[in-house]
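S.K.: The following block contains the structure, expressed as structure tokens.
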Amino acid sequence: MGDTRRIVLLGKTGAGKSNLANTIFGEELFTINHTLNSETKECKAETKSLNGKSITLIDTPGFFDPGRSEEDNKPEILRCLTECAPGPHVFLIVLKVEKFTEHEKAVIAQMCNQFSEDALTYAVVVFTHGDQLPEDMKIEEYVDQSEGLRDLVRKCGGRCHIVDNKYWKKNNEDEYRSNMFQVAELLNTIENIVMENNGGYYTDEKLQALEIKIQNEEECIRQSSLNMAQEEIRQQAKIHVFKKQANNSSLTWIKGFWGLAVIVGLFATITAVIRNLKRYGIARNTTT
């Protein structure tokens, strides 16, 4: 099965992804800025050993928010794919305990477009802001009240959990409303997903291509840095591949822009020539 678990957190801006990552790790490795613009701007990965497993959590910005442009998303999606290559063992779809609106549905649809709907078979729905869950109600009952949530959780194999990043940190009175209990349950669910997939992970052509590039880069680094540890080699390789891919993406955009500029320039030139020919024709007709 291996001892490594790569876990990607996905969700709209403000859902509580960074806080959830800190709650899972039990320490603040992911920065939370308590301001109006506190959302994560860049994809970030941190690794920690939990229950004998090396857990890598990959926190992402609100990739699929309707207000984010494709150009804003491209580098961070690339960074996310590079961090989780050759593929994540689990996706955590992070939602608040609140009404499941068309906005949330659109975010889920965008996720499936990016990773394919097969990714949901590797996914867990994790709700934050557990203090909003009505008393004496479990998250499964809450989900059952919404057709949209029911359908999403069903596609995720019926897997859902809940935490509260603020009020459930030290709750000894109610085991269910305790982050310690919920995180333990979530980690069990993650292990079950890995076992069900025989230690495998979600992957696709993009992730496989990135992994080949990373492995090639690792070999180059290994040959030039004989004393470097494998973990450091891997990290350096991912950084190099990301930079190369990001530069290639920028060059592609520049080439496209330049091509458009050339076309526009040619069109302007042709227009000017036609205008001058018309003027010349008019002037000639006037003199004759």
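S.K.: Can you tell me which residue among Thr121, Thr203, Thr128, Thr189 is polar (S, T, N, Q), touching a residue at least 12 places away in the same chain (Cβ under 8 Å) and either under 23 Å from Lys238 (Cβ atoms) or in the same structural domain as Ala237 (by TED's automatic domain parsing) (or both)?
M.R.: Testing whether each residue is polar (S, T, N, Q), touching a residue at least 12 places away in the same chain (Cβ under 8 Å) and either under 23 Å from Lys238 (Cβ atoms) or in the same structural domain as Ala237 (by TED's automatic domain parsing) (or both) leaves just Thr203.
Table: residues versus (1) over 25 Å from the mean Cα position of the chain (by Cα); (2) within 23 Å of His89 (Cβ to Cβ); (3) not aliphatic (A, V, I, L, M).
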position	(1), (2), (3)
Glu104	no, no, yes
Val107	no, yes, no
Glu135	yes, no, yes
Ile139	no, yes, no
Arg150	no, no, yes
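Residue by residue, here is whether (1) part of a loop (DSSP other than H, G, I, E, B); (2) modelled with pLDDT of 95 or more; (3) over 19 Å from the mean Cα position of the chain (by Cα) holds:
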| position | (1), (2), (3) |
| --- | --- |
| Trp168 | yes, no, yes |
| Glu175 | yes, no, yes |
| Glu191 | no, yes, yes |
| Gly200 | yes, no, yes |
| Glu211 | no, yes, no |
| Glu218 | no, yes, yes |
| Leu226 | yes, no, yes |
| Lys244 | no, no, yes |
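S.K.: In the set Arg234, Arg159, which member is of a type in the set (D, E, K, R), touching a helix residue (DSSP H, G or I) at 6+ places or on another chain (Cβ under 9 Å), more than 28 Å from Val126 (Cα to Cα) and surrounded by 14 or more Cβ atoms within 10 Å (Cβ to Cβ)?
M.R.: Selected residue: Arg234, the only one of Arg234, Arg159 that is of a type in the set (D, E, K, R), touching a helix residue (DSSP H, G or I) at 6+ places or on another chain (Cβ under 9 Å), more than 28 Å from Val126 (Cα to Cα) and surrounded by 14 or more Cβ atoms within 10 Å (Cβ to Cβ).
S.K.: Taking Asp65 and the conditions (1) in contact with a helix residue (DSSP H, G or I) (Cβ under 9 Å, 6 or more places away or on another chain); (2) modelled with pLDDT of 85 or more, which numbered condition does it fall short on, given that it satisfies the others?
M.R.: (2)
S.K.: Something else: Say we look at the range 162-198 and pick out the residues that are in contact with a Phe, Trp or Tyr (Cβ under 8 Å, 6 or more places away or on another chain) and surrounded by fewer than 17 Cβ atoms within 10 Å (Cβ to Cβ); which of these is nearest to Val125 (Cα to Cα)?
M.R.: Filtering the range 162-198 for residues that are in contact with a Phe, Trp or Tyr (Cβ under 8 Å, 6 or more places away or on another chain) and surrounded by fewer than 17 Cβ atoms within 10 Å (Cβ to Cβ), the one nearest to Val125 (Cα to Cα) comes out as Asn197.
S.K.: Could you figure out which of (1) touching a helix residue (DSSP H, G or I) at 6+ places or on another chain (Cβ under 7 Å); (2) farther than 25 Å from Asn51 by Cβ isn't true of Glu211?
M.R.: (1) is the only condition that Glu211 fails.
S.K.: Just wondering, is there one or more residues in the range 154-162 that are in the same structural domain as Val8 (by TED's automatic domain parsing) and in a helix (DSSP H, G or I)?
M.R.: Scanning the range 154-162, I find at least one residue that is in the same structural domain as Val8 (by TED's automatic domain parsing) and in a helix (DSSP H, G or I), so the answer is yes.
S.K.: Right, here's the next one. Determine the pairs where a residue that is at negative phi, located within the range 1-19, has a partner that is assigned to a loop (DSSP other than H, G, I, E, B) and of a type in the set (A, V, I, L, M) with Cβ atoms under 7 Å apart, the partner being 6 or more residues away or on another chain.
M.R.: Here the result reads Ser18/Ile32; Asn19/Ile32, each pair linking the range 1-19 to a residue that is assigned to a loop (DSSP other than H, G, I, E, B) and of a type in the set (A, V, I, L, M).
The values are calculated or read from the model by the stated rules, or taken from the named source; none is laboratory data. None of the values given here were measured: they were computed from a predicted structure. When we count neighbours, we look across all protein chains shown, and the Cβ atoms used for this are built from the backbone with ideal geometry, even at glycine.
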